[in-house]
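The values are calculated or read from the model by the stated rules, or taken from the named source; none is laboratory data. Since the model is a prediction, treat every value here as computed from it, not as a measurement. Glycine also receives a Cβ, built like all others from the backbone with ideal geometry; neighbour counts cover every protein chain displayed.
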Amino acid sequence: MITEIDKNYIREIINTGKRADGREFYQFRDIEIKKGVVKNAEGSAMVKLGNTEVIVGVKMEIGEPFPDTPDEGVLMVNAELTPMASPEFESGPPDENAIELARVVDRGVRESKAIDLKKLCITPGEKVWIVYVDIHVINDDGNLMDASSIATAAALQDTKIPKLEGDEIKRGEYVGNLELRTIPIACTVVKINDNLLVDPDYEEESVTEGKITIVTISDESLCAMQKSGIGGFAPEEIYKAIDISIEQGNKIRKKYFGE
Amino acid sequence: MITEIDKNYIREIINTGKRADGREFYQFRDIEIKKGVVKNAEGSAMVKLGNTEVIVGVKMEIGEPFPDTPDEGVLMVNAELTPMASPEFESGPPDENAIELARVVDRGVRESKAIDLKKLCITPGEKVWIVYVDIHVINDDGNLMDASSIATAAALQDTKIPKLEGDEIKRGEYVGNLELRTIPIACTVVKINDNLLVDPDYEEESVTEGKITIVTISDESLCAMQKSGIGGFAPEEIYKAIDISIEQGNKIRKKYFGE
Amino acid sequence: MITEIDKNYIREIINTGKRADGREFYQFRDIEIKKGVVKNAEGSAMVKLGNTEVIVGVKMEIGEPFPDTPDEGVLMVNAELTPMASPEFESGPPDENAIELARVVDRGVRESKAIDLKKLCITPGEKVWIVYVDIHVINDDGNLMDASSIATAAALQDTKIPKLEGDEIKRGEYVGNLELRTIPIACTVVKINDNLLVDPDYEEESVTEGKITIVTISDESLCAMQKSGIGGFAPEEIYKAIDISIEQGNKIRKKYFGE
Amino acid sequence: MRMSEEKRFDGRKFDEMRELEAKANLVERANGSGYFRFGDTRAIAAVYGPVETHPRHLADPRRAFIKFRYNMAPFSTKDRNRPGPSRRSVEISKVIKEALSAVIEREEFPRASIEIYAEILDANASTRCAALNAASIALAHAGIPMRDLVASCSVGKVNGQIVLDVAGEEDTEGEVDLPIGYVPSENKIHLLQMDGIITKEEFKKALELAIKGCKVVYQKQVEALKEIFKTYENEEVGE
Amino acid sequence: MRMSEEKRFDGRKFDEMRELEAKANLVERANGSGYFRFGDTRAIAAVYGPVETHPRHLADPRRAFIKFRYNMAPFSTKDRNRPGPSRRSVEISKVIKEALSAVIEREEFPRASIEIYAEILDANASTRCAALNAASIALAHAGIPMRDLVASCSVGKVNGQIVLDVAGEEDTEGEVDLPIGYVPSENKIHLLQMDGIITKEEFKKALELAIKGCKVVYQKQVEALKEIFKTYENEEVGE
Amino acid sequence: MRMSEEKRFDGRKFDEMRELEAKANLVERANGSGYFRFGDTRAIAAVYGPVETHPRHLADPRRAFIKFRYNMAPFSTKDRNRPGPSRRSVEISKVIKEALSAVIEREEFPRASIEIYAEILDANASTRCAALNAASIALAHAGIPMRDLVASCSVGKVNGQIVLDVAGEEDTEGEVDLPIGYVPSENKIHLLQMDGIITKEEFKKALELAIKGCKVVYQKQVEALKEIFKTYENEEVGE
C-alpha cells in the first residue's frame, strides 16, 4: 500500500525532528473516548486515536472456573481485526497479529491485577463470572495496541455486574460496578531512524525498526511488555522507552480516567 | 458448464410459452417418492423430481433441550450437497447454498409447527429427543429446495419413535409414529424473461432472474418464504407466486401425502 | 525430491540382489532404542532405524470411559509428521499418512490386547485412565510405520501409572508400571521389482510397488495388517511377507524387549 | 407497557418505525462506508474495491465478483455472540449479497472484486436490514456505480397485528418476521425472508407496510449521502 | 437365532454371502456411477473426470491425480454419524484410493484429475468393500481406462470360525475383520486390512475364502456393466 | 528445599543457570538443525531453505519470507498438550520469527522462503528461549547468512528476588517472567516479553542479568557450531 518513496519521505521528515502530521515525537494523536456505546454490553467504550478507531465491549457470562483457580472468575480477551478496518485484514479466525494484540491487552489487565477475580466467584469450583473483553477494530490507522488497551480500560471501568436469579442473568439489571483497582495503560514506542516515537500512525508503522509496548499502572510500575516487529533495541533505548511510557500512561490516566 | 448459447436457447423457448422439456410453466417434473429407503434411519424418503434425486434420513437421538425451551425436543436440519451430485459441489463443510437449503427446509417444518416438539420431551430440562433431519443430495438437476422439502415431509411422516430403556435407545424397536400435524411443502417459483415458472431444472436455473421459495401448509397459509438468487420481484409477481405455490402445495399434498 | 535416474539406480541394484546401503533384503537398519527420554511423560522412547528417528511419549490422563465399555480405560494413539522431519511434511492437522500411521499402530496395540484396559478403570462408567500415545516424528528416512510401532511398544513398557489423590494426578509419583501382556511389533514388507524387502529407507520407499505392514505378537500370531501404497500382492507374496514379519518380530522382541 | 389495540410494547403506532439514523464516511481506510441505525440496532459497513480477485479462479471475466460478510460483534447481543461465522450469519450474508449484486453495475468491473463488510455493533432486531442499509450507503459513498440503493426494513405479526419495524419483545414474542429489501425506483423486492404462519391476505398487507417503511429508510439513506457529498463539494470549493 | 456349528446368526452358511446387488448409471450429472449392495449395506459412487486438477500444484505431469472420498451419510448408521471426515473415513479413503489407482491407466491422462466419490447410504458392515465395488463400476461406466475392476468383500473370524461377508452381530462380536480388494485377472490383492488375532494358518484359510467371495462380487459387477452398455447399444440402434 | 536468602528451590545461586547443552546436526533430512537444553527443557529445531515460497502471493520480491513454527510435543508438558496451534504458541512463533528475521540476511534470497521449525520435547520453563537458541544454531548450520546468532534466556522475580533462568516451582510461583533474545555483537534486544509487576529499577537489574545469561548461552551455541564444522572439515580432510 505504501510505496518506497512514501517511506523515504516519512523517514526524512523524522530526521528533521518532526512528524508528517506536525506532532512531537512523544505526543499522542488526539484521543477521543466514549463510554457506554453498546446497549447490549455490560460495559463498552469507543476509542479514537486520530483516525484509528476501536470499540471494546465487555460481556459478563456465567461459566466454570479453571480447575487450578476454583475461587476466581475468568478473564477472556479476544480481538477481531475486522476486514472492514483495513485492506490488509482478512475474514477468518484471528491471525498472529490479532492474537498478539489480544494477549498483550490481556496481560496488561491480568498482571496488573486491575480486576479482583476472587470477587467474581459465585460458587467456588462450580460457577464464576466470565468477563469477556472483545476488541473490535473499526479503522486501523496505526497503533491498535494502545488504542485497544485504552479502550479496554475504559470499557472495564464502564462495566456493571448484572443481577443473577439462580443461573439466569437478568440482562439490564445490575448489582454494582466491576471495580478496577488500577488503570493499566499501554504505550507503544517505536524506533524510526534511531529516533523513539510514540503512537505511530499507519504510515509511520510501515517504516518502524521495532516496536516496544510497555504497560504501566497507576503506581508507575510496569505490568507487561512486548517487543514486536523486526528490529532490536539497545538496553538504554528500552530504559528510555520505559520513561516515556510511564509519563504517557500518567498523562492518559489523569486526563481520561480521573486519576 | 452451460454456455451462453445454451442459455439463449432456453430463454427463447420460454419466450414462446413452452419449456425445453415440453412442460407447462406451472407444471412440476414427474415426482417419485419412496419412503423407508434407509434401514438404519428412524424415517427416510427418497424423492426424485425428474433427474434430481434427494435422500432424507431422520435419526432420533437423546440430548439436552435448549435452555429457553426446557420442555421441548430439538429439531436439527442439515443438508449435504455431496460432491457426487454435481461437478459444482465440493467436499468440505456446508457452503452458503447447503446452509440456505437446510435453513429454509428447517423453517418450513419448524414454523408450520408440523412436529409437536413438546411431545418429544423425555425429562424436562434434561433429556429430550433430538430429531436430526439429514438431506443428502444424490443428483442435482435443479430445484433442490422443493425436492428436499418434499423428501423431508415424507421422511418425517415415515418416522417412528424408538423404544427407550433408561438412556439407551433400542434401535429397531418403536413405541409409535412421529405425528405430523400438517404437511409443509415448498414450491419455488423462478422468473425467466419475466415469466414465472415452477420446478426449474438445472439448465433453467442457469437463466433465472430470481427465485422465490414459498412454503405452504395444509390450511393454505404460508409458513416460510425465501427470495434467493440475483433478481427482484414486483409485489404483484410475489402475490402471483403465492397463488401458484398454494395450488402446487395442495396438489402435492393430495397426491402424495393422502390429504 | 528423488529423480527418475535415482529411482532407476535403486531398482537396478536391487535387481542384483543387493541394496544401496549394502543390507540384505530381510535385514533392518541398525536399531537404537532409548527409553525414558521425556521427563514430563509417564513413559517414552526414542527409536532410530538408521537415520529415521521417532519419539513416542505416553501421557496418562483422567477421563470418561466410552459408553459401551464403561469399565475400561481408553487408548488414544496420535501421530504428528512434524514439518521438521521431512520437506514433504506440512504444518496442520494430521493428513491421511499421519492418520494411517496412528491407526495402524493403534490397532497393533489394541487388537493384541497388550494393555489390559480393564485395569485402567478407576470408577466404572465415570472415571478411567486415558492412555495417550503420541508419535512424534523427528526425521523421516523411511519406514516410519515400524519405527513408530517399536517406539510405541518401548514407550508403553516404560510407562508408569501416576498416583491419584481424588481427581488430581500427582505427577512424578507412581503406583506401578503399566503392564504389557505381549509386545506387538510391526514389520513392513515392500515390493521392489517383485522382490520383497524389509525396512525400506526413504529412497527405497520412492520405488516400492506396494507395502504391507504386518503386526505380530509374542506367540507369533498376527494382530493387525495393512496394505498401503499403490501396487498389489499375490496371495503367496502375502504368505511370504507373514513369514518374514514373524521372524523379524521375534528377533526384535528378543533383542530389545527381553523376550 | 403492554401491547394494546392501538399501541405497541414500546408505545409506537403499528406503522411507526423506531428512530432512524443514517451516515456515510466512518471508516477512513475503506473506499466507502456507511452506518444505519434502527433505534438500538446499529450497523456499520465498509466497501473495498474494485480490487483484484483472490483467489484468482473466483474472478468472473464478465462482471465483478461481489463479496459480502455480515458479522455480529461478540458484544452486540444479550448473550455474548461467539466470534466466527454461524449458519445464520452465512445465510444472511448470502441473501444480502444477492440483493446488492442485483443493483451494482457489475459489468463495469470484469474480473475485479467488490468487497463489502458489515458489522452489527448493537442488536435489537432487524440487524440484517440495518446491515443492508449501511452497505448500500457504503457502496454509493465508494462511488461504485449502482442502478439504485436498496432500502430495507422488516414487518412482523404480533398478537395478530401487522406492525412495522419489530423490536424488543415483539421480536421474541412475535408470530411472524418478514424482512424485505426494496428498490424504490424499480418497485422491486430484492430481499425477502419470512418465518411464521401468515395468510395470503395478511402477507399482502404486511408487504405493503414494509414497502412504506423502506421508502422512509430510503429517504434517510439519500439524505446521508447528500450530506457527505455536500461536505466534499464544500471542501473542494474551499481549496 | 444363534450361531451354531453349521449356521450363522442370520442363518447363512459360513461361506455364504448376503444378497448382492450391482447397478450402473444412477447419477445423471456424473461421468459414470455405480451402486453396490451387500444385504443392508448400500453404497453409491460417482466419477467425474478426467478434469483439470485444482489446486494446480497437485497436478502430476506423468499421470492422472486420483481423488477419492468415502463418506457415510449421517443417517446410514445406528447412531447418527456426524457429518464431515473422521479419522476412520480418511484412512478408508486412502486405502480405497490406492487400490483404484493401481488399476486405472493413469498415464493416459497426465496433469488431469479423476474424482471419485462414494456415499454409504446404509451401513451394516463391509461398507468399505461396497464403496470400492461401486466405485469400480462407476469408473468403468465413465469409460475410464482400467486394467480390470477391483472386487471387494470381507471375511471374519466369529467364535473361532472363518466366515464370509460378516454382518450384524458378527461385526460387533467377531474376533477378526479382514476386508480385501482383489483383481481377478492378475490374482492380486490391492486392498487388505486386518484387525484381531489370527494365526498364519487361519489367515491363509480366510484369504482364500475372501478371494472366492471377490470372484462372486466381480461377476455381479460385470453383469451390471453389461446390462447398462446393452441398454446404450439398444438406444443407439433405436435411434 | 525452599528458597532462602541465598539459594533457590533447586539449590542454584540467583545468577546461576541450569545445565546447558547445545548441539547441531540432528535432523538429517533438513538443511540445518540444532538442539538446545536448559536443564529439563529441551528444544530441537530444523531449517529448510531457501525454498520456493508457497502460496506464491506470500513471496516478497525484495527479501526472503521467514516462516517459523514453535510447537510443543503433546507429551512435553505435565498435562498432555493438545496437538495443534494454540493462541500461546501462535504468539510465541510470531516473536521468535521476528527476532530471527532481524539477523537473517533476508535480502540475499528475494522471493524465496526460509522455513524454521522448532519442537519442544520436554518443557520446564523457558521453552521459547530454548526454541530460539536451537533455531539460531539450525540456521547457522544450514549456512543461511546471518549477521549474528540470537541467544536467549529468561530472568524472573521470585519472592522479590531477581533470578536467572527460572525453572520448576519458580515458574509457577514467580511474580515476573522476562524472556529476552539478545544479539551480543550489536548489544541489541530482539525478543522481550514481560509479565508481572516490576519497578523500573528492578527491570534494569533483571535485564542486565538476562544479558549476562545470554552471553553464556551464546558461548554454548558457538561451541556447538565449531564442533560440527570441525567434524565436517575432518571428514573433508579424510576423503
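Across the range C:158-193, what is the number of residues that are touching a Phe, Trp or Tyr at 6+ places or on another chain (Cβ under 7 Å) and under 22 Å from F:Ser76 (Cβ atoms)?
4
Any residue in the range C:69-78 that is of a type outside the set (Gly, Ala, Ser) and crowded, with 20+ Cβ neighbours inside 10 Å?
So far as the range C:69-78 goes, yes, one or more of its residues are of a type outside the set (Gly, Ala, Ser) and crowded, with 20+ Cβ neighbours inside 10 Å.
So, in the range F:97-146, of the ones that are within 13 Å of another protein chain (Cβ to nearest Cβ) and of a type in the set (Ser, Thr, Tyr), which residue ends up surrounded by the most Cβ atoms within 10 Å (Cβ to Cβ)?
Out of the qualifying residues, it is F:Tyr117.
With away from chain F (no Cβ under 14 Å), over 29 Å from C:Ile122 (Cα atoms), in contact with a Lys or Arg (Cβ under 9 Å, 6 or more places away or on another chain) and touching a residue at least 60 places away in the same chain (Cβ under 8 Å) as the only criterion, which of C:Glu96, C:Glu100 stands out?
On inspection, the qualifying residue turns out to be C:Glu100.
Tally time: how many residues in the range C:222-245 are at positive phi and touching a residue at least 40 places away in the same chain (Cβ under 8 Å)?
Adding up the residues that qualify gives 1.
Residue-by-condition table, conditions (1) in contact (Cβ under 8 Å) with a residue 24 or more places away in the chain; (2) more than 19 Å from F:Ala210 (Cβ to Cβ); (3) assigned to a strand (DSSP E or B):
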residue	(1), (2), (3)
A:Arg181	yes, yes, no
A:Thr188	yes, yes, yes
A:Pro200	yes, yes, no
A:Glu204	yes, yes, no
A:Ile212	yes, no, yes
A:Glu220	yes, yes, no
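Quick one: count up the residues across the range C:190-217 that are within 19 Å of C:Asp243 (Cβ to Cβ) and of a type outside the set (S, T, N, Q).
Going through the range C:190-217 one residue at a time, the tally reaches 15.
Scan the range C:1-17 and report the pairs whose first residue is surrounded by 12 or more Cβ atoms within 10 Å (Cβ to Cβ) and whose second residue is of a type in the set (D, E, K, R), with Cβ atoms within less than 7 Å and a gap of 6+ or a chain change.
Going by the 7 Å Cβ cut-off, the qualifying pairs are C:Ile2/C:Glu203; C:Asp6/C:Glu203; C:Ile10/C:Glu203; C:Ile10/C:Glu204; C:Ile13/C:Arg19.
Could you check, for the range C:193-208, whether at least one of its residues is in contact with a strand residue (DSSP E or B) (Cβ under 6 Å, 6 or more places away or on another chain), closer than 23 Å to E:Asp148 by Cβ and within 12 Å of another protein chain (Cβ to nearest Cβ)?
For the range C:193-208, residues in contact with a strand residue (DSSP E or B) (Cβ under 6 Å, 6 or more places away or on another chain), closer than 23 Å to E:Asp148 by Cβ and within 12 Å of another protein chain (Cβ to nearest Cβ): present.
What about C:Gly50, is it over 21 Å from C:Ile161 (Cα atoms), within 14 Å of chain F (Cβ to nearest Cβ) and among the small types (Gly, Ala, Ser)?
yes
Can you tell me which residue is nearest to the other protein chains (Cβ to nearest Cβ) among those in the range B:144-172 that are assigned to a strand (DSSP E or B) and charged (D, E, K, R)?
If we take residues in the range B:144-172 being assigned to a strand (DSSP E or B) and charged (D, E, K, R), then B:Arg171 is nearest to the other protein chains (Cβ to nearest Cβ).
Is there a residue in the range C:81-88 that is of a type in the set (A, V, I, L, M, F, W, C), buried (at least 23 other Cβ atoms within 10 Å of the Cβ), free of Cβ contacts under 8 Å to residues at least 60 places away in the same chain and in a loop (DSSP other than H, G, I, E, B)?
yes
Identify, please: which residue in the range F:158-185 is surrounded by fewer than 24 Cβ atoms within 10 Å (Cβ to Cβ), under 15 Å from F:Gly213 (Cβ atoms) and acidic (Asp, Glu) and is, among those, nearest to the chain's Cα centre (by Cα)?
Ranking the qualifying residues of the range F:158-185, first place goes to F:Asp177.
Would a scan of the range E:55-64 turn up a residue that is in contact with a strand residue (DSSP E or B) (Cβ under 8 Å, 6 or more places away or on another chain) and either crowded, with 20+ Cβ neighbours inside 10 Å or on the phi > 0 side of the Ramachandran plot (or both)?
Taking every residue of the range E:55-64 in turn, at least one turns out to be in contact with a strand residue (DSSP E or B) (Cβ under 8 Å, 6 or more places away or on another chain) and either crowded, with 20+ Cβ neighbours inside 10 Å or on the phi > 0 side of the Ramachandran plot (or both).
All but one of (1) within 12 Å of another protein chain (Cβ to nearest Cβ); (2) under 30 Å from D:Phe109 (Cβ atoms); (3) modelled with pLDDT under 95 hold for D:Leu191; which doesn't?
(3)
Based on this model, can you work out whether E:Thr199 counts as of a type outside the set (A, V, I, L, M) and modelled with pLDDT under 95?
No, not satisfied.
Could you check the range E:73-96 and list, in sequence order, the residues that are crowded, with 16+ Cβ neighbours inside 10 Å, touching a Lys or Arg at 6+ places or on another chain (Cβ under 9 Å) and under 23 Å from B:Gly172 (Cβ atoms)?
Residues satisfying the conditions are E:Pro74, E:Phe75, E:Ser76, E:Thr77, E:Arg80, E:Asn81.
Which of (1) touching a strand residue (DSSP E or B) at 6+ places or on another chain (Cβ under 7 Å); (2) closer than 23 Å to B:Ile217 by Cα does D:Val217 not meet, given it meets every other one?
The one condition D:Val217 does not meet is (2).
If you go through the range A:119-142 one residue at a time, how many are within 14 Å of chain D (Cβ to nearest Cβ) and not in a strand (DSSP E or B)? Show your work before the answer.
So in the range A:119-142, the residues within 14 Å of chain D (Cβ to nearest Cβ) come out as A:129-142.
If we keep only those that are not in a strand (DSSP E or B) as well, we get A:140-142.
Residues flagged as within 14 Å of chain D (Cβ to nearest Cβ) and not in a strand (DSSP E or B) within the range A:119-142 amount to 3.
Give the range B:22-77 a look and list any residue that's assigned to a strand (DSSP E or B) and of a type in the set (Ser, Thr, Tyr), or say none.
Result: B:Ser44, B:Thr52.
Say whether the condition of being at pLDDT 95 or above, surrounded by 15 or more Cβ atoms within 10 Å (Cβ to Cβ), assigned to a strand (DSSP E or B) and aromatic (Phe, Trp, Tyr) is met by at least one residue in the range D:11-18.
No - not one qualifying residue is present in the range D:11-18.
Only one residue in E:Lys200, E:Lys212, E:Lys188, E:Lys205 is under 21 Å from C:Glu236 (Cβ atoms), charged (D, E, K, R) and surrounded by 19 or more Cβ atoms within 10 Å (Cβ to Cβ), so which one is that?
Going through E:Lys200, E:Lys212, E:Lys188, E:Lys205 in turn, the sole match is E:Lys188.
With the requirement that a residue be within 7 Å of another protein chain (Cβ to nearest Cβ) and among the hydrophobic types (A, V, I, L, M, F, W, C), what does the range E:177-188 give you?
E:Val183
In the range C:20-29, what residues are modelled with pLDDT of 95 or more and surrounded by 13 or more Cβ atoms within 10 Å (Cβ to Cβ)?
C:Arg23, C:Phe25, C:Tyr26, C:Gln27, C:Phe28, C:Arg29 - these are the residues of the range C:20-29 that are modelled with pLDDT of 95 or more and surrounded by 13 or more Cβ atoms within 10 Å (Cβ to Cβ).
Taking only pairs six or more apart or across chains, which ones have beta-carbon atoms under 6 Å, a first residue in the range D:202-214 that is among the β-branched types (Val, Ile, Thr), and a second residue that is in a helix (DSSP H, G or I)?
none
Does B:Val54 satisfy the condition of being more than 23 Å from E:Ala30 (Cα to Cα) and under 13 Å from the mean Cα position of the chain (by Cα)?
Here the answer is no, as B:Val54 does not meet what is asked.
Is it fair to say D:Phe36 is within 28 Å of F:His57 (Cβ to Cβ), part of a strand (DSSP E or B), more than 7 Å from every other protein chain (Cβ to nearest Cβ) and under 15 Å from the mean Cα position of the chain (by Cα)?
no
Among the residues of the range A:222-245 satisfying the criterion of being within 7 Å of chain F (Cβ to nearest Cβ) and in a helix (DSSP H, G or I), which is nearest to the chain's Cα centre (by Cα)? Lay out the reasoning, then the answer.
Filtering the range A:222-245 down to residues within 7 Å of chain F (Cβ to nearest Cβ) leaves A:222-235, A:238-239, A:242.
Add one more test, that the residue is in a helix (DSSP H, G or I), and what stays is A:235, A:238-239, A:242.
Values: A:Pro235: 25, A:Ile238: 20, A:Tyr239: 21, A:Ile242: 17 Å.
Taking the candidates together, the pick is A:Ile242.
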